[in-house]
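Chemist: Next up is a structure, given as structure tokens.
FYI, it's all coordinate maths here, none of it is from the lab. What you see is a predicted model; the values in this text were computed from it and never measured. Cβ coordinates were reconstructed from backbone atoms using ideal geometry, including for glycine residues, and neighbour counts include every protein chain displayed.
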Protein chains: 2
Amino acid sequence: MTNPILRKAIDGFRWEDVEMRAYKDEATAPFRSVTRQVLASAPDLSGELRYFEVAPGGWTTLERHQHVHAVTILRGHGRALVGDQVIEIGPLDLVTVPAWSWHQFRAAADKPLGFLCMVDATRDRPQLPTAEERAALETLPDVAAFLNGP
Amino acid sequence: MTNPILRKAIDGFRWEDVEMRAYKDEATAPFRSVTRQVLASAPDLSGELRYFEVAPGGWTTLERHQHVHAVTILRGHGRALVGDQVIEIGPLDLVTVPAWSWHQFRAAADKPLGFLCMVDATRDRPQLPTAEERAALETLPDVAAFLNGP
């Protein structure tokens, strides 16, 4: 790392000395067109700050976990499912994903959706929905439309 | 709070249901033209995310502490002192303030400087420099020019 104090932004929501990573290590969780960059993570920090970018038409994994997400949208537009709410999101909006809430982020068709996500450094692994849990979510028409969206 | 899951951004780097606060509670710490908004803070989050805005020509308190700052610039330009480094900062740059590093952020004369700052929710109180500590910092010409800047 050239300077541990300053990492300059590079055009296109990249940063000096910040690796572009796969969104998920595991190949088992379904998602489409998402990248991850870890912006702040250190032994003497209780939280971590990550930047996720969902390409146009892409979506994050539908999942839940005990740990909380504190999300700040940085670019683009899209929608998110949090619990049983489908919300419209755009630049600088703040999204809280409470413990054990099912959640997914979907980018609009025309632009990438980029957001910061603060989490606890020590956290549990996400759970994927069972077929029954997914069916229960889809009993809500707007949630079904969101989950099966374009 | 209208919706605990979504707090929409409002023009001008404000947010629904987020209070604009004084930068410091105490009247003793020197600073100029800084506001604070707490964007994420909850009993089940180890970190906190705050948005600070320094008006044109303003500056934050010169201070140090054990806890680490993970800063993401959101708007404007300016300079920061971190340890003995004076750095130029602009949109989306990442600044890490290590434990016990003296630090101060200064906005450029023409635009506000706004940044996110992630910290541990549980943290120590800042220390101000003694006259001797300030004099020691000012033995470095570029640090002296920064601290006594316009």
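Chemist: By the scheme Lys and Arg +1, Asp and Glu -1, what is the net charge of all other residues having a beta-carbon under 11 Å from that of A:Asp142?
Modeler: -1
Chemist: With a sphere of radius 14 Å drawn around the Cβ of B:Asp110, what net charge do the other residues whose Cβ falls strictly inside it have (Lys, Arg +1; Asp, Glu -1)?
Modeler: Every neighbour counted, the sum reads +4.
Chemist: How much net charge surrounds A:Trp59 when only other residues with a Cβ under 9 Å from its Cβ are counted (Lys, Arg +1; Asp, Glu -1)?
Modeler: Here the count lands on +2.
Chemist: Here are some pairs, A:Lys8/A:Lys111; A:Lys24/B:Lys8; B:Lys8/B:Lys111; A:Lys8/B:Lys24; which of them have Cα atoms lying more than 26 Å apart in this structure?
Modeler: Checking Cα-Cα distances, A:Lys24/B:Lys8; A:Lys8/B:Lys24 exceed 26 Å.
Chemist: Quickly estimate the mean residue ellipticity at 222 nm for the protein assembly as shown, helices only: each DSSP H run with n ≥ 4 gives -39500 (n - 2.57), and the total goes over all residues, rounded to 500.
Modeler: Calculated from helices alone, the mean residue ellipticity at 222 nm is -2500 deg cm²/dmol.
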